[in-house]
1. Skipping prolines and chain starts, which residues have an amide H placed within reach, meaning under 5 Å, of the one on Ile33, given they are 5 or more residues away or on another chain?
2. Can you find, among Thr19, Tyr42, Ser78, the residue farthest towards the positive end of the dipole of the stretch 7-103? Put +1 on the C-beta of Lys and Arg, -1 on that of Asp and Glu.
3. Amide H to amide H, which residues 5 or more places from Gln57 or on other chains are under 5 Å from it, using H placed in the peptide plane?
4. Restricting things to Cα coordinates, could you compute the convex hull volume per residue of the stretch 56-98 in Å³?
5. Contact order normalised by length for the chain, with contacts defined as Cα pairs under 8 Å and 6 or more residues apart; what percent is it?
6. Can you sort Asp69, Asp52, Asp59 by how many other beta carbons sit within 10 Å, fewest first?
7. Report the gain in length on full extension from Leu8 to Val89: 0.36 nm times residue separation, minus Cα-Cα distance, nm rounded to one decimal.
8. Could you give each residue of the stretch 68-84 its phi-based ³J(HN,Hα) in whole Hz, using Karplus coefficients 6.51, -1.76, 1.60 with θ = phi - 60°, and x for Gly or Pro?
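Every read-out reported here was derived from the displayed coordinates using simple, explicitly stated rules and does not represent laboratory data. It should be emphasised that the depicted structure is a prediction, and the values quoted were computed from it without experimental measurement. Cβ placement follows ideal geometry from the backbone for every residue including glycine, while neighbour counts extend to all protein chains displayed.
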Amino acid sequence: MKQTHNTLVVLGPTASGKTRLGAQLAAHLGGEILSADSRQVYRGLDIGSGKDLDEYQFDGQAVPYHLIDIADLDAEFSVFHFQRAFFEVFEALRAGGTLSVVGGGTDL
């Protein structure tokens, strides 16, 4: 089947099920998750950031995800840094014909 789109975006309010829905869609469509959450980028910031990594499973299969745990807490990490990281992963997935499923509760 020829892929006609390169991105699917799952948006919604906090605790509305975006992560689970995104993972299910990625699993069904052969895609990978690109997290757009402003706090989940930080390593060690697990409790208050809603890193529900167990939700990146569907039917016993791991759903690949990106942009989680990519920065240290004491590192400067701005929207500029996020954009660079995002487009690097996005372009790699696109070049490989893999659908990007973007989910997050922020404007990143």
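1. Tyr65, His66, Val101
2. After comparing all options, I get Thr19.
3. Here Val63 satisfy the definition.
4. Values: hull volume 3.4 nm³, N = 43.
Hull volume over Cα atoms, normalised by residue count, gives 79 Å³.
5. Working: 164 pairs, mean separation 49.6, N = 108.
Value for the chain: 46 percent.
6. Numbers: Asp69 17, Asp52 12, Asp59 8.
Ordered by Cβ neighbours within 10 Å, fewest first: Asp59, Asp52, Asp69.
7. Values: separation 81, 0.36 × 81 = 29.16 nm, distance 1.46 nm.
Stretched fully, the Leu8-Val89 segment lengthens by 27.7 nm.
8. 10, 6, 10, 9, 6, 4, 8, 8, 6, 8, 10, 4, 4, 4, 4, 4, 4
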